[in-house]
Each structure stands twice: as C-alpha cells, then as structure tokens.
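The structure under discussion appears below in the form of structure tokens.
Taken together, the values in this text are just the output of simple stated rules run on the coordinates, not laboratory data. Fair warning: this is a prediction, and the values are worked out from it, not measured in the lab. Here the Cβ positions follow ideal geometry from the backbone for every residue, glycine too, while neighbour counts run over all protein chains shown.
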C-alpha cells in the first residue's frame, strides 16, 4: 500500500497554509493545487498528516485517473483498478462523488455506478461481495469528476479532519475548526505575544490557537481514522507517531490566549469545548461587552469573526456593530495587529480603518475576506 503520492484537501484560499504545514511535517514533493496540496512519502507521511494537519479537510490516496464521459467509461475505469489489494468481502464500503463541468451530471448515479464496478471485481475474485455502509464504512472511496476526467482515491481520513472531537456544542453557523486554524496561521501569530478573540462564540479560534501553541496534534482526541481499518495498517508505526507527538507537547502557554463574548451561553459552550480539547486550564474565557475590551499591552494579535448578516434585513442591524469594532480597535488596541474575518465587504467598510492586507477565503460557499489592520 505504499503509493507515493497523496492529496490533502482544504477550503479554497487555504492551500498555501496547508502546503507550509506539510513542508514542516517533512512531507516530500509538496505541490499546491486548486482545493488542496499534493505530497509524497510512504504511509508514515499519511499517518503524520492525519494526526497533525490543522488546516486540511481530508487526506486522499489517489489510485487512478482516466477520461470519463459515459457511464461505460466510468464503469471500466473504476473496474480496472486493483481493488482486491484494499478490500475483502468482509469489509464495508462507501463511495462519495464530487463533480463539475462534466458530461455526467448526477453525483449519486456516478457513485452508484462506481460502487457496482468495485463490487463486481470483488465478486469475480472472491465469489462474494462487500456490503455498503454509507455512515461508517471500513473503506471510503472518493471520486472526483472534473472536466470529464475522473480521479479515484481512497479516503485515508474517514470522518473529515475538521471534526477534532472537542466541539459537541454547535452554535448557529460556527466556524469549522480547520478554517479557524487557518486564520490563526494566516495571522502570523507565533505564540510569543497575546492572542485575543473578543467575539469568541463557542471558542473555536482561541482553542485552535492554544492547541497550536501547546503543540497538541489536532487529531489526538478523534475517535479514529480511515486508514486504521485498512488492510495492512501498521499499528506499531502509528503508535510510534502518536507517542512521539505526545512527548513533544507543552504544559503551559508562552503568552496569554483570551476569548470573550457578549453571550453567556456561548462562553459556557466555549469552556466545555476547551475542556474537551485539553486547553481550558491554559486559556482565559469570560463574558464581556466588546466596548469593555482591555487587552494586555501590545504587541499582540486580535482575530474576530463577527456575524455578517446572511439573511435579508440582518445587514442593517449589524452596521453599528462594525462601527463599534473600528472604534474599539482604535481606542483600546494600541500595538496590536487585528484580523477581521467577514463575508460582508459592505459591512466591513463600517469599521472605518484601512486594511493593510486582504486575503480571499471561503467559508463553505461564501466568499469571505480576512482583513488586516495595524493598530499603531
């Protein structure tokens, strides 16, 4: 199972952050692509990537690629891959498909046709077939059909990597953990100065920052990964990778990490999440009006993700909030570098400060900006 090329997926705009993470992990041949990063190495690289990557969504192992315009081409292309190396009739299987700009337009049909091809290979070889389990399969197969080319991969991760396992309480429209981690990374925060989130909601940004600073691998508290159920899973190698990671963790933060929010229930949820993530004792959380923000003396980093009024009529109500953000930054945050993550550029104008940098990112389907303000 030592294929040499892998593909880590991420949110649009985060590819460079992910490439830097993979390079730091020691992956070889790191190359940025649209929606993800290609990298090389054996299964050890895959184990490390799944345990350590903060900004990735999934790690995939491509098995093959072929032109695909008809159901027949799809069936034959999938059937031609070496499924008996990865699957037995005793294992369960699921097929996911994403497609665009292709002659085949129905992802459900494509997934079904691919599943038929895989099952037929196994029936011919073993005399019996594996069962399908869409919820919790032993092997998850990923199909990407783009401009009539089909890439078939095995999903090494299983559950998406953003589901770290610490966040059970979901407020409305929470930021995904891997996007929050990317914001911390893009802010350039290196854990030597304070990091403040004055609109912390259920705490995702401050928890991700604390985990990074304490060198806690984001995959440590997960229920498990896809590759752990594969044929040929190297348990001894995996245990070595995990124990190495544990031995490098720090016991205290080098600089303060603080989250505050106006909502009592959000702060309560943030505390529960931080406790599950193993960082509650390290960070400071509290209920506070934005106008009362009193950060430690700068320099430091402020990151906030204010609401951006996706529903009709909400935008008007949020204008005063964005003006207040600008006022608070000007009056109370001398020496800080502030980052505002928003999906509403019209509202962002209300901050009344000139952004020195604008980074385009996507929060799901919503095009957003991470705006940087230097508070001299």
Condition met for residue 226 (in contact (Cβ under 8 Å) with a residue 60 or more places away in the chain, under 29 Å from residue 155 (Cβ atoms) and out of contact with any helix residue (DSSP H, G or I) (no Cβ under 6 Å at 6 or more places or on another chain)): yes
The stretch 98-121, subset in contact (Cβ under 8 Å) with a residue 40 or more places away in the chain and assigned to a loop (DSSP other than H, G, I, E, B), residue surrounded by the most Cβ atoms within 10 Å (Cβ to Cβ): 104
Residue in the stretch 296-317 that is touching a helix residue (DSSP H, G or I) at 6+ places or on another chain (Cβ under 9 Å) and assigned to a helix (DSSP H, G or I) present: yes
Index of the failed condition, residue 124 passing every other in (1) under 30 Å from residue 70 (Cβ atoms); (2) touching a residue at least 12 places away in the same chain (Cβ under 8 Å): (2)
Top-ranked residue of the stretch 318-334 - restricted to ones that are out of contact with any helix residue (DSSP H, G or I) (no Cβ under 9 Å at 6 or more places or on another chain) and surrounded by 14 or more Cβ atoms within 10 Å (Cβ to Cβ), ranked as nearest to residue 262 (Cα to Cα): 333
Filter pass, residue 180 being in a helix (DSSP H, G or I) and within 20 Å of residue 36 (Cβ to Cβ): yes
Residue that is nearest to residue 164 (Cα to Cα) [pool: residues in the stretch 260-282 that are in contact (Cβ under 8 Å) with a residue 12 or more places away in the chain, part of a loop (DSSP other than H, G, I, E, B) and within 22 Å of the chain's Cα centre (by Cα)]: 278
Residue ID - surrounded by the fewest Cβ atoms within 10 Å (Cβ to Cβ), chosen from residues in the stretch 36-50 that are touching a helix residue (DSSP H, G or I) at 6+ places or on another chain (Cβ under 8 Å) and under 21 Å from residue 164 (Cβ atoms): 48
Residues of the stretch 222-248 satisfying the condition of being closer than 18 Å to residue 164 by Cα and part of a loop (DSSP other than H, G, I, E, B): 222, 223, 224, 225
Residue satisfying all of: in the stretch 1-21; outside any loop (DSSP other than H, G, I, E, B) and touching a helix residue (DSSP H, G or I) at 6+ places or on another chain (Cβ under 7 Å); surrounded by the most Cβ atoms within 10 Å (Cβ to Cβ) among these: 8
Residue list for the stretch 50-97, restricted to those being part of a helix (DSSP H, G or I) and closer than 12 Å to residue 119 by Cα: 75, 78, 79, 83, 84
